[in-house]
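Just so it is clear, none of the values below were taken in a lab; they were calculated from the coordinates. Everything quoted here is computed from the prediction, not taken from an experiment. We place every Cβ from the backbone using ideal geometry, glycine too, and count neighbours over all the protein chains shown.
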Amino acid sequence: MKTVGNIIWVVFGGVFIAIEYVIASVALMITIVGIPFGNQHFKLMKLAFTPFGKEIVSSGA
C-alpha cells in the first residue's frame with residue numbers, strides 16, 4: 001500500500017517539493033555556515049520524494 005501511496009504522492013506534487021529542497025540546499029551550500037543546513041535539506045528531499053513507509057526518529061534532546 002505504501003508503494004501506491006508513494007506513486008500517487010510523486011505524481012501529484014512530491015517531485016516539485018523535492019526540487020524545491022534541492023534548490024534550497026544548493027543555495028545554502030554557497031556559504032560555509034549553510035553547509036550543515038544544506039545537508040539536512042538533502043535528507044528532507046529524500047523524505048519529500050517518497051514519504052510513505054519512512055519513520056522519522058528525533059534525537060530527543
| query | Can you list the equivalent-ellipsoid semi-axes of segment 1-54, largest first and in whole Å, using the square root of 5 times each Cα gyration tensor eigenvalue? | reply | 26, 11, 4
| request: Would you calculate a helix-derived [θ] at 222 nm for the chain, using -39,500 (n - 2.57) for each DSSP H run of n ≥ 4 and dividing by the full residue count, to the nearest 500? | output: -19000 deg cm²/dmol
| request: Convert each backbone phi in segment 27-44 into a coupling constant with the Karplus relation 6.51 cos²θ - 1.76 cosθ + 1.60 (shift: θ = phi - 60°), then list the ³J(HN,Hα) values in order as whole Hz, x for Gly and Pro. | output: 5, 6, 6, 5, 9, 5, 5, x, 4, x, 5, x, 4, 5, 5, 5, 5, 5
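Please give the FRET efficiency for GLN40 paired with ILE7, using the beta carbon to beta carbon distance and R0 = 25 Å, rounded to the nearest 0.05. Display every interim value, and only then the final one.
Values: r = 26 Å, r/R0 = 1.04.
Once the sixth-power term is evaluated, E becomes 0.45.
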| query | In segment 19-41, which residues have a backbone nitrogen under 20 Å from the label point lying 7 Å from VAL57's Cα in the Cα-to-Cβ direction? | reply | 40-41
| query | For GLY34, which sequence-distant residues (separation of 5 or more, or a different chain) have an amide H within less than 5 Å of its own amide H, given hydrogens modelled in the peptide plane? | reply | none
